[in-house]
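The values are calculated or read from the model by the stated rules, or taken from the named source; none is laboratory data. Remember, predicted model here, so these are calculated numbers, not experimental data. Here Cβ is always computed from backbone atoms with ideal geometry, including for glycine, and neighbour counts include all displayed protein chains.
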Amino acid sequence: MERYYLPLSLLVLITSMVPFYRRFEKKKMTAEEIVFIASVSAIGAVGRVPFAALPGVQPTSFIVIMSGLTLGPQAGFIIGSTSAIVSNLFLGQGPWTPWQMMAWGLMGLTAGLFRHTSINKQTWFLAFFGFVWGFFHGWIMNLWFVIGFFNPLTWQVWLGAFAASFYFDLSHALTNATLLFLFSRRWKKIMGRMVSKFGLLK
C-alpha cells in the first residue's frame, strides 16, 4: 500500500483543484479581468525565479497574499496555483508541482477570506498572516517530501522532516512578514485602484 501513497495523494490534490478552475472557467469575465489575473500570476511566477538560489525567500507569497486580499478568495487561489506551475516552467516541473500549486492556492484563498473585513487594514495582522503561512507552506511541502521518499512512514520520519525544514520555513515566514509590513498598503492601493478604475471582479 505504501507504494501508492504518492500517486494517490497527487490524484487527490489534482482532483481537489479542478472545481476551482472549472468554476473560474465558467465565470463570465471581461477581457480586462482575464488579462489582469494573468498579469498578476505572471508577476508572481517571475518574482520567484530570481530568488530560487536563496532557500526560503519567496516573494511570490507576498504577491499571492495581496492578490487574495484585493481580489477575493477565488482569484487568490487561481493566481497562487498558476504562479506555482508557471514558475516551475523555469525551475523544473515534477511531482512536487501539484503540492506547490495547492500550497500557494490555499494561501491566496485564505487571504481572500479577509478581503471585506476590517482586519484586512491592519498591517500587523497581514504581517502575522504572512508569517504563519510561511510555515504552513513549508509543512504542506514536507508532506510531499516524506510521502515521496520515505517508507515506512513513522513519526520519527515526520519529526525529522519538519525539523530539517524549520530554518527554511522561518526564512519564508520572515520574508513574508517583512514584505507585507513594508509594502502591503502600497500594493493594496495600486491593485485596488486598478480594480476600481476598470470595474474588475465585482
Looking only at region 148-202, which residues are of a type in the set (Gly, Ala, Ser), closer than 23 Å to Phe62 by Cα and in contact (Cβ under 8 Å) with a residue 24 or more places away in the chain? Ser165, Ser171, Ala173, Ala177, Ser184, Gly192
If the Cβ limit is 9 Å and pairs must be 6+ apart or interchain, which residue in region 100-121 that is closer than 30 Å to Phe145 by Cα pairs with which residue that is of a type in the set (D, E, K, R)? none
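Report yes if Ala127 is farther than 30 Å from Phe183 by Cα and in a helix (DSSP H, G or I), otherwise no. Quick ask: steps written out before the conclusion?
Numbers: farther than 30 Å from Phe183 by Cα: no; in a helix (DSSP H, G or I): yes.
Against the criterion (farther than 30 Å from Phe183 by Cα and in a helix (DSSP H, G or I)), Ala127 does not qualify.
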Just give me the residues in region 89-114 being closer than 13 Å to Phe129 by Cα and surrounded by fewer than 21 Cβ atoms within 10 Å (Cβ to Cβ), in sequence order. Thr110, Leu113, Phe114
Across region 37-79, the tally of residues that are in a helix (DSSP H, G or I), touching a Ser or Thr at 6+ places or on another chain (Cβ under 9 Å) and surrounded by fewer than 22 Cβ atoms within 10 Å (Cβ to Cβ) stands at 10
What single numbered condition from (1) surrounded by fewer than 19 Cβ atoms within 10 Å (Cβ to Cβ); (2) in contact with a helix residue (DSSP H, G or I) (Cβ under 6 Å, 6 or more places away or on another chain); (3) in a helix (DSSP H, G or I) fails to hold for Leu170? (2)
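Consider Ser184 carefully, then state whether it is of a type outside the set (D, E, K, R), at pLDDT below 95, in a helix (DSSP H, G or I) and buried (at least 19 other Cβ atoms within 10 Å of the Cβ). Before you say what the answer is, go through the steps one by one.
Numbers: of a type outside the set (D, E, K, R): yes; at pLDDT below 95: yes; in a helix (DSSP H, G or I): yes; buried (at least 19 other Cβ atoms within 10 Å of the Cβ): yes.
Yes: the conditions hold for Ser184.
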Working only within region 116-145, note down all residues that are surrounded by fewer than 16 Cβ atoms within 10 Å (Cβ to Cβ) and among the small types (Gly, Ala, Ser). Ser118
Looking at region 33-49, I want the residues that are more than 16 Å from Gly72 (Cα to Cα) and have a partner that is outside any helix (DSSP H, G or I) with Cβ atoms under 8 Å, at least 6 apart or on another chain. Which pairs are those? Arg48/Gln58
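Take the conditions crowded, with 19+ Cβ neighbours inside 10 Å and part of a helix (DSSP H, G or I) and apply them to Gly148. Does it pass?
Judged against the criteria, Gly148 is not a match.
Taking Ala177 as the residue in question, decide whether it is part of a helix (DSSP H, G or I) and either surrounded by 14 or more Cβ atoms within 10 Å (Cβ to Cβ) or at positive phi (or both). Before you say what the answer is, go through the steps one by one.
Numbers: part of a helix (DSSP H, G or I): yes; either surrounded by 14 or more Cβ atoms within 10 Å (Cβ to Cβ) or at positive phi (or both): yes.
Criteria met by Ala177.
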